[in-house]
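Each value in this text was obtained by applying a stated rule to the coordinates, not by laboratory testing. The model shown is predicted, which means the values in this text are computed figures rather than measured ones. A quick note on method: Cβ atoms are made from the backbone with ideal geometry, for glycine too, and the neighbour counts reach across all protein chains shown.
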Amino acid sequence: MNIAVTDGVVLTPTPFSEGLAVWSRGDGRPGSDNYASDASAAYVPADADFGGCLELQKTEATQKLRYMGQTPILPGVYLRITARMKAVSGNLPTVCIAGWAGTGSDVEVSGLPMQGPSVTLASYGEVVEVSAIVGTGARGGVDLVWGTVPTYGHFGLDLTGLTGGVLRIDDLRIEDVTEVFLRGMMARVDVRDYGALGDGSTDDSAAFEAADAVADGRQILVPAGTYHLANSVTLENPVRFEGQVTMPAAAILSLTKDFHLPAYVAAFGDEQLALAKGLQSLLNNADHESFDLGGRRVSLTAPLDVRAAVNNRDTFSQRRVLRNGQLRAESGGDWDAVSVAGTATYSASNPWQLTNVSNIANIEVGSLVTGAGVGREIYVKEKSVGAATITLSQPLSDAVGTQAYTFTRFRYLLDFSGFTKLEKFEIEDVEFQCSELASGVMLPPAGTVNVIRDCVFNRPGHRAITSPGDGCQGMLIDHNQFLSAEGDLETQNRQSVAINTNGNDVKIRDNRASQFRHFAVISGAHAVISGNHFFQGDDSGAGIRSAGLVLCLRACNTTITGNYIDNCFIEWTNEREPEPDFTGGFGFAGLSVTGNVMLCSDVAEWFSFLVVKPYGSGHMVNGLNLSGNLFRCVGGTIVRADRVDTSFAPLNLGAMRRIFVQSNTFHNVEVQTENPLQVSHAQNSHASTWVVETDNKLPFGGQAREVQSLVLRSRPRDASNVSKFVTPYATSEGGSARDEVHVVWPEPMMGDLTMMVRMDY
């Protein structure tokens, strides 16, 4: 920057050879005395040192020499005034650059320094240079700090000391030296000034760190070029990337003042790499708790293996957040699921492992396991090639012995399966644009209180959120949307699953999911599932529907409340038991289903909203609260809202415990079940035993095991129509189905009664 070049400002004073009328004996203002006719001054055309110069005899205590031209004073501009001189004869004076400051109205600005550093001439004939810098700012090296009030100055020399001496003075120079101060004036620090080459091969790590060390809040500039950083670099100041950086996979770039995806994209020039390096920094530094995608869409051509990106850590337990953007699977990328066939041996005594696994080297951790007797959503948690063993996410249901299995590895936009343990990692406000190619998120095999909230899983190819182990322990899945790619398929042909979990204490709340095979397969206990809307219907008449929620533990201790369960049902199984016959324990226990809206349309009449499916014999329900729900069928009717799937075995109806089915609303449901069940009976013919039917209205087709109360609603009458005030007694479990209550009188009687019947103890 030089105003003489950029703005055409004339700074250099008129040379002495053009006359002395513009050189003042005073302050330089118009009208002041000049040296044109002064006997003490003369122009010397041929000096050996200066060529043409001014010869001046000092006749006053302070002899002034000022250029009468107005030299502009501009904010941010710094001028250096320089004079060369030598003593010729007489007394040796002291010399300094001096000036006068004025405004545009030719008014003197007082109170400012007017003299620069002084130099006393020491000998005759020696050329001495004096100079001073004038400017508006108080910067190091500025001699005359004038601020912003003066608009121009008159500059020259002051000669002090004894009079009588004769000097020769070369033409004065005034030059713009603002560039001297640019490094301190500009709000940027250029990494090239500290040795960065940007040639793509030289290690520029030290130069980046040196620039950061002096930036002191200013922006670091990385100009065009390719800068190789062989080591990890942390920049504590803002940075602007015009060029790009390359780094080894293990090296970490931490941009502490620009910790967001746009800055990393600018640094690396590749969105996928930028996301990986941002996550690497997020899990390696304490400066930030979150990495912001800046609302950007990141196009991925392959799964992002987060553990590979963060290759120096196997576990991480501090809260970190990935937020605010979109991840999109691009066609032509590496998204194909890989299936590997192999044989393995399973034993009920070692329920979490497959042994003697063939082809194990080709089986990937995180693969879905399928085969005879394998329950839904069971994955390879880990493997040992040397031992030929696979650790499973859940036990198998009925696969004891050696058989063939298929191991299918889906591809996920974000894959955390490489970590041993990852805790408190949160994903929020991220859309997973799976494009029917990729799945969404694979969780780590272990970890607690991971969170996915306010996200959208759009058209996953196979799965939205997959847990291959216990990385879902205590997980929060809140306020997400799950949009299936299988909406055009009939329900029975769908394969995609929105969520599966294995750990306990999972909270799934306020989500919306459309037309998956299953919304959630829950294999842990103590889950809270509330406020969700999940629907799985299709256009087929009398259609088949799949389970929206699959509870895979009989002692699930789960609360399902306030959901809108649309064209799907709750399926309660014990498919995680290798030996599924009941041998002890609580049975199917601890389920509370309250305050839900359950709707179906155009379904087969045998459809039910709550289905218990025992995988072995002898099981009972021990603790169920099914209350305050709305059961509604549109476009037809269904037989009942609850049933037992006896594909493997029935329930032991004689062992049912603590079942409460009450205060529900039924629309177009033929059999409206309750427990306790209120039964009204009218005995219109005389009989000593009144047979009271429950009409299959006890839950799950239960038995009439207890009479909770019996009230006569009319006078009991004998064969002569005489009232007899005698007390009958009731016997339960009557009839071949054991669903009748027999009311026994001492003689044949007629009358009416109401009783409360229970199908449990």
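Cα convex hull of the range 484-671: how many Å³ per residue?
Values: hull volume 19.7 nm³, N = 188.
Taking only Cα atoms, the range 484-671 has a hull volume of 105 Å³ per residue.
Within the range 565-609, what residues put their amide N at less than 16 Å from the label point 7 Å along the Cα-to-Cβ vector of Ser627?
Those under the cut-off are 590-596.
Taking 0.36 nm per residue of separation and subtracting the Cα-Cα distance, what length does fully extending Glu175 through Thr148 add?
Working: separation 27, 0.36 × 27 = 9.72 nm, distance 1.90 nm.
Residue separation times 0.36 nm, minus the Cα-Cα distance, leaves 7.8 nm.
Among Thr151, Leu162, Cys568, which residue has its Cα positioned farthest towards the positive end of the charge dipole of the chain, with +1 placed on the Cβ of Lys and Arg, -1 on the Cβ of Asp and Glu, and the dipole taken about the Cα centre?
Farthest towards the positive end: Cys568.
To one decimal place, what Kirkwood hydrodynamic radius in Å is obtained for the range 629-731 from all pairs of distinct Cα atoms? Mind showing how you got there, number by number?
Working: mean 1/r = 0.0607 Å⁻¹.
When all Cα pairs of the range 629-731 are included, the Kirkwood radius is 16.5 Å.
Of all alpha-carbon pairs in the range 562-683, indicate the percentage at a distance above 16 angstrom.
For the range 562-683, the share of Cα pairs beyond 16 Å comes to 63 percent.
Counting helices only, and only those DSSP H runs with n ≥ 4, report the 222 nm mean residue ellipticity of the chain as the sum of -39,500 (n - 2.57) divided by its residues, in deg cm²/dmol to the nearest 500.
It comes out at -1500 deg cm²/dmol, rounded to the nearest 500.
Can you figure out the FRET efficiency of Ser617 with Ala361, using R₀ = 41 Å and their beta-carbon distance, to the nearest 0.05?
Values: r = 40 Å, r/R0 = 0.98.
It comes to 0.55.
Can you give me the three principal axis dimensions of the range 66-159 from its C-alpha atoms, in Å, biggest first?
Largest first, the range 66-159 extends 41, 28, 20 Å along its Cα principal axes.
Give the Kirkwood hydrodynamic radius (Å, one decimal) of the range 331-485, defined as one over the mean of 1/r across all pairs of different Cα atoms.
This gives a value of 16.0 Å.
Cβ under 13 Å from Met620's Cβ, Met620 left aside: what net charge do those residues give with Lys, Arg +1 and Asp, Glu -1?
Cβ neighbours under 13 Å give a net charge of +2.
I need Asp739, Asp695 ordered by Cβ neighbour count within 10 Å, fewest first.
Neighbour counts put them in this order, fewest first: Asp695, Asp739.
Can you give me the P(r) profile for the chain? Cα pairs, bins 10 angstrom wide beginning at 0, each as a whole percent.
The distribution over the chain is 3, 11, 15, 13, 10, 9, 7, 7, 6, 6, 5, 3, 2, 1, 1, 0, 0, given as percents.
Suppose the chain between Val597 and Ala61 were pulled fully straight at 0.36 nm per residue; how much longer would it get relative to their current alpha carbon spacing?
Details: separation 536, 0.36 × 536 = 192.96 nm, distance 10.47 nm.
So the chain would gain 182.5 nm between Val597 and Ala61.
Give me the one-decimal nm value for the distance between modelled label points at Lys257 and Ala682, 7 Å along each residue's Cα-to-Cβ direction.
8.9 nm
If you stretched the chain out fully between Gln403 and Asn350, how much longer would it get, using 0.36 nm times the residue separation minus the C-alpha to C-alpha distance?
Details: separation 53, 0.36 × 53 = 19.08 nm, distance 1.59 nm.
17.5 nm is the gain from fully extending Gln403 to Asn350.
Relative to 2.2 N^0.38 Å, what does the C-alpha radius of gyration of the range 588-645 come to as a ratio? Two decimals please.
For the range 588-645, the normalised Cα radius of gyration is 1.24.
Run the simple label-point estimate for Lys724 and Ala249 please: 7 Å along Cα→C-beta, distance reported in nm.
9.2 nm
Return the long-range amide H neighbours of Gln326 (sequence gap of 5 or more, or a different chain), with a cut-off of under 5 Å between placed amide H atoms.
Here the answer is Arg296, Arg297, Val298, Glu431, since their amide H atoms fall under 5 Å of that of Gln326.
Quick one: which residues, 5 or more positions from Ala555 or on another chain, have an amide H under 5 Å from its amide H? H modelled 1.01 Å from N in the peptide plane, none for Pro or chain starts.
The list, which skips near neighbours in sequence, is Ala589.
Given Cα pairs under 8 Å that are at least 6 residues apart, what percent is the relative contact order of the chain?
Details: 2234 pairs, mean separation 42.5, N = 761.
Value for the chain: 6 percent.
Along each principal axis of its Cα atoms, how long is the range 677-758 end to end? Whole angstroms, biggest number first, please.
Taking the Cα atoms of the range 677-758, the three principal extents are 42, 22, 18 Å.
Viscosity 1.306 mPa s, temperature 10 °C: what is the translational diffusion coefficient of the range 185-294 from Stokes-Einstein with a Kirkwood Rh over Cα pairs, rounded to a whole number of µm²/s? Walk me through the intermediate numbers first.
Details: Rh = 13.6 Å.
Reported coefficient: 117 µm²/s.
With the cut-off at 11 Å, report for the range 385-431 the share of all Cα pairs above it, as a whole percent.
Tail fraction, whole percent: 85.
What does the charge dipole of the chain about its Cα centre add up to, to the nearest 20 debye, if the Cβ of each Lys and Arg holds +1 and the Cβ of each Asp and Glu holds -1?
2000 debye
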